[in-house]
Structure formats: structure tokens, C-alpha cells
Amino acid sequence: MTRLPDYQMQTVYLVPLGSGRFELYSEPPEDDAVAAPSGFFRDRLHRLHERWREAVHMARRRDPSTGRLGQARDWAVSRVAEMIAEQRTLWSLRHAPTATLVYPANLADSSAVRDAILARARRHHGVWLIIDSLLLIASGIFMLVPGPNVLAYYFAIRVVGHYLAWRGARQAMEATQWSARAEPALDELATLAGVSRDARASRVAAIAEALKLPRLAAFFDRTAVPAR
């Protein structure tokens, strides 16, 4: 029997990014999430996942010889990949009846910071859900242009992403039962946020390994200041 993702065990990290900024971060079990009760369907989903990873890799290479349509496709794929990385935590929270917040040990009121982030996220994604829905409708005019409507695909994915993120923020604020525990390793991340990327790379990687969060270093580099 294939094991389905256990949302009961959701763990969310309150990651310090410098200048008093924090973001919620988690690494949902993506491989489990795409598992299906049939080996055939699981194989198909795995192939789609691999094709998506390959598409993201190719899009980020930015081949200058690619035509305008190819450049538009690569831009859309890259933006969608960034959106998925940024919104993954909120997406996973939409099914979380309980969650544990892991916060820096020196932070006095982690629940207040968490609630502020969730309230901002719910407002942000709610607004962009409306905007992108209108843009998706407007992009229908490009159906008259030969070829795939890349713009419509892009806005359709954004609509879905913002909707899932909005649902996740709402669930986390209104229904999720939170527990909390302090993590001293996150205190060091707050200090490293003010260090250049090259100088802090080894320590951030070591912290990510200690916390068993293989994608944390990439997330920290994208969001912490300074970026260089």
C-alpha cells in the first residue's frame, strides 16, 4: 500500500532573513505527495516531474539563440519555478490540522511573528489572485495568435498558485493548531544574513545539513540580505 503524505506532522521553520525580517519555510515531502495508489500512475507522475525539472533547467540556461517564443516560454517556466519555491510552505499548510513552528531560540514572541507573516501572505495572495484572474481573462485575446498561448498558461498557473497559497495562509491562521519549539541553530542564521553570500556559504550549508533541510541554503540565498 502506498503511503500518502502525513500532514499531521507538518513542521514549519521561522527563518530569520536579516533587518528584522522572517519567513516561514518547510520542505514538504514532494515525492510522497505525488504518489498514487497505482504503479502505472505513479510512474506517469514521476515522468512528468522529471520533465518539469528538465524544463526548468533548460529555461535557466537562457540560450541567446532561442527565438522570441522560446524566450517567453523560458521566462514563464523560470518564474513558475520561483513561485513554486516561494509558495511551497503555504501550499502545504492548506491541509495541515496541526503544525509545529520551529523558531530562533532568542526570539521573544514567535507566535506574533508567525501570525503577522500569515496575515500578510493571505492579503498579498488574495489581491494577486484577483489581479491574475483578470489578466488571465484578458490574455484570452491572444488565442487569435497562432501557436500556444504562453501568456494564458502563465497567468493560469499563477492563479492556481495564489489560490493555493491564500488557502494555506487562511487555514494556518484560522484552523491549524500550532505547537512550538526553539532551535538555537536558527539564531546563527540571523547573524549570517548580514554576511556576504560567499563568506556565509559553508556555515549556511552546515546548518541546513544539521537541520536535515537540503533546500534551506538555496532559500536563504534567495531571500536573505545582502544577496552578494
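Here is a yes/no grid of residues against (1) of a type in the set (D, E); (2) closer than 30 Å to A138 by Cα; (3) part of a loop (DSSP other than H, G, I, E, B); (4) touching a Pro at 6+ places or on another chain (Cβ under 9 Å):
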| residue | (1), (2), (3), (4) |
| --- | --- |
| F155 | no, yes, no, no |
| G168 | no, yes, no, no |
| M173 | no, no, no, no |
| V195 | no, no, yes, yes |
| A199 | no, no, no, no |
| A205 | no, no, no, no |
| A208 | no, no, no, yes |
| K212 | no, no, yes, no |
| F220 | no, no, no, no |
Query raised in the report: Could you list, in sequence order, the residues of region 154-207 that are charged (D, E, K, R) and loosely packed, with under 14 Cβ neighbours inside 10 Å?
Result: E174, R181, D198
Query - Pair list, Cβ under 6 Å, 6 or more apart: region 168-182 residue closer than 21 Å to R88 by Cβ, other residue assigned to a loop (DSSP other than H, G, I, E, B) - result: G168/R94; Q171/R94; T176/A96
Query raised in the report: Which one of the conditions (1) in a helix (DSSP H, G or I); (2) closer than 15 Å to V15 by Cβ; (3) of a type in the set (G, A, S) does A182 fail to meet, given that it meets all the rest?
Result: (1)
Query raised in the report: Within the bounds of region 201-214, is there any residue that is touching a Ser or Thr at 6+ places or on another chain (Cβ under 7 Å), at pLDDT below 95 and more than 19 Å from A105 (Cβ to Cβ)?
Result: no
Report task. With the condition kept exactly as written, say whether any residue in region 77-86 is under 29 Å from F22 (Cβ atoms), at pLDDT 90 or above and of a type in the set (A, V, I, L, M, F, W, C). Result -> no
Report summary line: (1) open to solvent by less than 40 Å² (accessible area, probe 1.4 Å); (2) in contact (Cβ under 8 Å) with a residue 12 or more places away in the chain all hold for R222 apart from (1)
Requested in this report: Select from region 118-127 the residues that are surrounded by fewer than 20 Cβ atoms within 10 Å (Cβ to Cβ) and under 16 Å from the mean Cα position of the chain (by Cα) and write down the one among them that is nearest to T100 (Cα to Cα).
Outcome: R120
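Out of the residues in region 107-117 meeting the condition of being assigned to a helix (DSSP H, G or I) and open to solvent by 40 Å² or more (accessible area, probe 1.4 Å), tell me which one is nearest to A175 (Cα to Cα).
Checking each candidate, the answer is D115.
The values are calculated or read from the model by the stated rules, or taken from the named source; none is laboratory data. No experiment lies behind these values; they were computed from the predicted model shown. Note that each Cβ is placed from the backbone with ideal geometry, even for glycine, and that neighbours are counted across all protein chains shown. Calculation scope for accessible area: heavy atoms of the full protein, side chains included, ligands and nucleic acids excluded. Shrake-Rupley method; radii C 1.70, N 1.55, O 1.52, S 1.80 Å.
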